[in-house]
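Bear in mind that the values in this text are calculations on the coordinates, not laboratory data. These figures come from a predicted structure and were not determined experimentally. Because the Cβ atoms are built from the backbone with ideal geometry, glycine has one as well, and the counts that use them run over all protein chains shown.
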Amino acid sequence: MDHAVIQRLIDRVTGPVLLAGQDGYDAERTSFNLAFPYRPDVIVGATDAQDVQAAVEFAAAHGLPVGVRATGHGASAATEGGLLITTRRMTEVRIDPQSRIASVGAGVRFDHLITEAAAHGLAPLNGSAPFVTVVPYTLGGGLSILARNCGYAADRVRGTEVVTADGQCRHVTPDSDPDLYWALLGGRDNFGIVTRLEMELVPVTHLYGGGLFFDAQQVPDLLEAYWRWTLTVPEQMDSSVALAPFPDLPQIPEPLRGRVIYHVRIAYLGSVDDGEQLIAPLRAAGPRLLDSVRLMPYTECGSIHNDPSMPAPWIGDSVMLTDLDQKAVATILAHATPDPAVPLIFEVRHLGGALARRPTAANAVGWRDARYLLSALTPLRGITARTAYPVLTGLLDAVKPWRMGRFLNFLAHTGPVTPNAADSSGALGVDVQELVRGAYQPEIYQRLTALKAVYDPENLFRLHYTIPPAAAPTVLSTT
Ligand SMILES: Cc1cc2nc3c(=O)[nH]c(=O)nc-3n(C[C@H](O)[C@H](O)[C@H](O)COP(=O)(O)OP(=O)(O)OC[C@H]3O[C@@H](n4cnc5c(N)ncnc54)[C@H](O)[C@@H]3O)c2cc1C
């Protein structure tokens, strides 16, 4: 790109503007998933909404597609080219304890917000890993550890500040712009770059939670026991179960080393006594190698899943399920038995409860009626994504009879995609548009494409998971 042209962008923004080969370019573009690198033409490290506006206007003027990233924990349709806005410098948090509303900059991570909220006896609706970023997680729905209790994190959003494709910075609420508000919460970066988000916190200081660990060889029917148990619990009980081979390494707790482990994760907001009674059948399912379920301050909630926080290469995908039954459980196990050549990790999350209820202000989050979420991933150590992907899809195809669609925050990685190409398949042969379409019921997707034609008719925001604008911009009703 011509130096004089880039200089005009540099003159308008406070944060760094980085081109390939410059110091800082690689650090700024690096993702949590090392298997799918993204190489934009230019990166703008935004410090505020004005920087974002300048970057969007510049990209529109020069025909560059725009993408946005915070800490890069999201799966991505990894792309070549375009302009990437990074928001990790936008870390301001303001909390009004009376209204319980947090106003959160686009680059704020949950660990920061959890600490700030705890000082007021409050908590956000974070997911399993406190190191992901609040804004993208919430725009993608936000499936929290208290999901059955409190609904999607997106359902608690009261307003957003967003830079749209026309370069305007708008304050969007359900009253001011119901269509754009609806589309942003579930449509993520297809409708603009969110620079700030106002969300309701919940009055939670402690929870009864932790992990129950079983050896899969000793307790082979744990998945079925877990499924049967989920049929009996109230919506105050949130849980999931994962099956994973644990490496024989010193940093792994000794009882778990070198074994294939069922890890049941518990988050319960009722009393300790009630919680103990509720999980008693799970504790009785077989000998536990470790049991960390206890009353804990909410600030320790990241220990429930204990997700790995170091960047690594992996490939993953997920599907929402209408339900589970004995046949579904057997199908999952038949396709998920860890093969030493392609070690598959899967997780089943229990959905339902408040997730299935309509929020006060409607949004575009899909598949609210799903009862379970099945995710699978394979670490890419010594194997390629091409080898691993068919094993993942083998599992997810096998559960077709129970399959509804995908969850936006857990969409599959696709491998490099060229944003302007007619063919939207990535290197793994995954059609990105089909993948995104699968995250919504048909009527939600159709309405999103219609609104895309209104708010981003040139499809400026077409990096990553694109929703194309409808040919004729007819906006359908929100409900
Ligand atoms: C270990 C781990 C555990 C997870 N657990 C959960 C979980 O329990 N529940 C759950 O719901 N999700 C979960 N996720 C998924 C995670 O919430 C999403 O991937 C989220 O988008 C990550 O945000 P990020 O900033 O860290 O990622 P990024 O990769 O920086 O962003 C992801 C995407 O969000 C969009 N985006 C980013 N910033 C903006 C913006 N300012 N405006 C508009 N769009 C934007 C872009 O499309 C971008 O590609 C998990 C992810 C990981 C890695």
Within the chain, which whole H helices from DSSP have a Cα span along their axis of at least 27 Å and a mean Kyte-Doolittle hydropathy of -1.0 or more, if any? none
Using only Cα atoms, what is the ratio of the radius of gyration of segment 1-96 to 2.2 N^0.38 Å? 1.06
Rank-order 251-261, 216-226 by packing density, defined as the average count of other C-beta atoms within 10 Å over each peptide's residues, highest first. 216-226, 251-261
Considering the dipole of the chain built from charges on the beta carbon (Lys and Arg +1, Asp and Glu -1) around the Cα centre, which of PHE407, HIS62, GLY140 is farthest to its positive end? PHE407
Helix-only [θ] at 222 nm, the chain, -39500 (n - 2.57) per DSSP H run of 4+, per residue, nearest 500, equals -7500 deg cm²/dmol
Can you give the charge dipole size of segment 93-200 about its Cα centre, rounded to the nearest 20 debye, using +1 on the beta carbon of Lys and Arg and -1 on the beta carbon of Asp and Glu? 280 debye
Which residue, ALA267, LEU290, ALA280, has the largest displacement toward the positive end of the dipole of segment 206-410 when charges sit on each Cβ (Lys, Arg +1; Asp, Glu -1)? ALA267
Sorted on mean Cβ neighbours within 10 Å (highest first), peptides 348-354, 109-115, 274-280 come out as 348-354, 109-115, 274-280
The size of the Cβ-based charge dipole (Lys, Arg +1; Asp, Glu -1) of the chain about the Cα centre, to the nearest 20 debye, is 500 debye
Given backbone amide H placed at 1.01 Å from N, residues whose amide H is under 5 Å from that of TRP314, ignoring those fewer than 5 places away on the same chain, are LEU34, ALA35, LEU380
Ranked highest first by the average count of other Cβ atoms within 10 Å around their residues, in what order do 303-316, 365-378 fall? 365-378, 303-316
How large is the charge dipole for segment 3-86, taken about the Cα centre, if only the Cβ atoms of Lys, Arg (+1) and Asp, Glu (-1) carry charge, to the nearest 20 debye? 120 debye
